[in-house]
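This report refers to the structure that appears directly beneath it.
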DNA sequence: AAGTCGTGGGG
DNA sequence: TCCCCAAGACT
């Protein structure tokens, strides 16, 4: 890692901010410095690209224009606003945070990063982003862009996946950022990281800060940032039972903890939870086992048949699901033992559903069409 | 400290 | 198909 002189730091600040003033992106959440706007955008942007976020942000602001509106919204509406964005605990934590603000802060945002960190769902990065952008506090906002940009500029070879590395970057960036325009500086770093200093195919030759990029000058740009790779997703087998009860669809709500919490799917059963002798299962035996499962777990009498379609596959960060599809039917009955409800098409469209459920519908309809 | 928690895009 | 990556936080 290299060190910059005060002169170099000054030159970098001027070059970066001059570039940002003319080339900075015009984004919906940059129209003002409202902390609510900054906050919503920052939460949405966690692990998510700008292009994906923009339409979600616009709709979210239309549905929940204020902290109070967010605090009072039904959770199903919140999840519907977040449907497809992923990491759904983000939006549930946002509502907890909104209620926390109203209950403990008289509806007023704390104005320092240190205080913002006390709020639910706001970690070190988001606290720095809100404090610098909305309240002009000269604090860094260390996200993936900051890791990538500064590790290359200064050839910092600390592993960014290690807890503790963030503090190193915070110390370095604190010394470099200008105290008069901290929000613009942090956002300029993000714009730089999303344009000339991307992860795979950087265009440093045309970058405004090319001459400050030590890794590039040394021909080692793609060696940064240093990170340890993640394990591959664990495979898990499921059976999806697309079930009609009379004219309605049988839908289950997932539990309040864990993956896809509180979202809705068709009944989804882990193959391991069926009493099956082997891993490779003839479809007839699978149907029998699922019928027994419906009786045992839901007290529902199911009739079912296999669907002649390829299994649905869906990969999450840590799991890869392979889902066999069955078509089923139950007589209108008591759903007291079933964690869900039957819904018509109209009600179905109101339920928040994960991407994997969309894939199940698509595959199911492809079978019906044949 | 290391796992958990989604989805879309690109090579 | 698979891997990696993208404005992280929580446990």
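Going by what's in this entry, would residue A:138 be described as touching a residue at least 24 places away in the same chain (Cβ under 8 Å), assigned to a loop (DSSP other than H, G, I, E, B) and surrounded by fewer than 22 Cβ atoms within 10 Å (Cβ to Cβ)? Against the criterion (touching a residue at least 24 places away in the same chain (Cβ under 8 Å), assigned to a loop (DSSP other than H, G, I, E, B) and surrounded by fewer than 22 Cβ atoms within 10 Å (Cβ to Cβ)), residue A:138 qualifies. For the range A:197-212, the set of residues classified as within 12 Å of DNA strand C (Cβ to nearest atom) and either crowded, with 18+ Cβ neighbours inside 10 Å or within 16 Å of residue A:151 (Cβ to Cβ) (or both) consists of A:197, A:198, A:199, A:200, A:202, listed by residue number. Please tell me if residue A:244 is closer than 30 Å to residue A:330 by Cα and either in the same structural domain as residue A:314 (by TED's automatic domain parsing) or assigned to a loop (DSSP other than H, G, I, E, B) (or both). Judged against the criteria, residue A:244 is a match. Is at least one residue of the range A:273-287 at pLDDT 95 or above, assigned to a loop (DSSP other than H, G, I, E, B) and surrounded by 14 or more Cβ atoms within 10 Å (Cβ to Cβ)? No, there is no match, as no residue in the range A:273-287 is at pLDDT 95 or above, assigned to a loop (DSSP other than H, G, I, E, B) and surrounded by 14 or more Cβ atoms within 10 Å (Cβ to Cβ). With the condition kept exactly as written, say whether any residue in the range A:130-142 is more than 24 Å from residue A:219 (Cα to Cα), over 22 Å from the mean Cα position of the chain (by Cα) and within 16 Å of DNA strand B (Cβ to nearest atom). No, that holds for no residue.
The single condition among (1) surrounded by fewer than 18 Cβ atoms within 10 Å (Cβ to Cβ); (2) over 18 Å from residue A:185 (Cα atoms); (3) within 21 Å of the chain's Cα centre (by Cα) that residue A:30 does not satisfy is (2). Just to be sure I understand, how many residues within the range A:344-370 are assigned to a loop (DSSP other than H, G, I, E, B) and over 22 Å from residue A:315 (Cβ atoms)? Matching residues across the range A:344-370 total 6. When A:276, A:217, A:250 are screened for being away from DNA strand C (no atom under 15 Å from the Cβ), more than 23 Å from residue A:348 (Cα to Cα) and in the same structural domain as residue A:357 (by TED's automatic domain parsing), only A:276 passes. Scanning the range A:303-324 for residues that are more than 16 Å from DNA strand C (Cβ to nearest atom) and touching a residue at least 40 places away in the same chain (Cβ under 8 Å) yields A:304, A:307, A:308.
When the residues of the range A:205-222 are filtered to those that are in contact (Cβ under 8 Å) with a residue 40 or more places away in the chain and in a helix (DSSP H, G or I), which remaining residue is nearest to DNA strand B (Cβ to nearest atom)? Within the range A:205-222, the match that is nearest to DNA strand B (Cβ to nearest atom) is A:221. Output yes when any residue across the range A:330-343 is under 24 Å from residue A:84 (Cβ atoms), away from DNA strand C (no atom under 16 Å from the Cβ) and part of a loop (DSSP other than H, G, I, E, B), and no when none is. Looking through the range A:330-343, at least one residue is under 24 Å from residue A:84 (Cβ atoms), away from DNA strand C (no atom under 16 Å from the Cβ) and part of a loop (DSSP other than H, G, I, E, B). Filtered by the rule that a residue be surrounded by fewer than 18 Cβ atoms within 10 Å (Cβ to Cβ), part of a helix (DSSP H, G or I) and touching a residue at least 40 places away in the same chain (Cβ under 8 Å), the range A:171-188 gives a lone residue, A:175. Only residues that are more than 16 Å from DNA strand B (Cβ to nearest atom), farther than 19 Å from residue A:340 by Cβ and outside any loop (DSSP other than H, G, I, E, B) were counted across the range A:293-329, and they come to 3. The residues on offer are A:78, A:85, A:70, and the sole one that is within 12 Å of DNA strand B (Cβ to nearest atom) and surrounded by 18 or more Cβ atoms within 10 Å (Cβ to Cβ) is A:85.
The values are calculated or read from the model by the stated rules, or taken from the named source; none is laboratory data. Keep in mind it's a predicted model, so treat the numbers as computed, not measured. FYI the Cβ positions are ideal-geometry reconstructions off the backbone, even for glycines, and counts take in every protein chain you see.
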